[in-house]
Amino acid sequence: MRLATLMLGLAALLACLFPPSTKAEDGSTLALYSEGYYGVGHNKWHNIYEGMHNQNDVSCCHSGDCRPSSTKVENGRLYVKVNGEWLFAPPNSRVKEYPYSWSETAHVCTMFPADRHVICVAPEGPGT
């Protein structure tokens with residue numbers, strides 16, 4: 001248990017120290033936005049993230065944990081990309097309301113860089 005906690009902490013530290021490049025091979029950031037990498041694109045929307053809450057009224061923003069991503073629906077379940085991996089987004093993680101239209105990308109928030117628990121997700125498309 002202690003080793004697993006240590007390894008998770010090390011992975012989080014490495015992700016903070018060595019984030020993925022903010023440019024895709026073709027020079028675009030939009031390609032990386034769709035993968036939900038920790039730290040990529042957060043600064044652009046930080047002020048918006050600070051005001052977002054999920055269905056349980058939990059604040060989405062916890063210092064750099066929100067970022068652009070992409071979503072999909074399979075068998076009625078919402079999935080979101082987090083660090084390049086599709087993760088299930090529980091219904092209570094949906095942002096209650098967001099008065100912004102993010103037609104180019106979805107947004108996801110997790111607690112830590114390597115965390116696989118989705119706190120908030122705002123799918124692509126018009127706001128609520």
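One table, with the values for the structure above:
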item	result
Counted residues, the stretch 32-88 - those being part of a loop (DSSP other than H, G, I, E, B) and either crowded, with 21+ Cβ neighbours inside 10 Å or not acidic (Asp, Glu) (or both)	22
Count - residues of the stretch 83-107 that are in contact with a strand residue (DSSP E or B) (Cβ under 8 Å, 6 or more places away or on another chain), of a type outside the set (Phe, Trp, Tyr), at pLDDT 90 or above and farther than 16 Å from residue 55 by Cα	1
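The values are calculated or read from the model by the stated rules, or taken from the named source; none is laboratory data. Keep in mind that this is a model prediction, so the values were computed, not measured. Please note: Cβ atoms are built from the backbone with ideal geometry, for glycine as well, and neighbour counts cover all protein chains shown.
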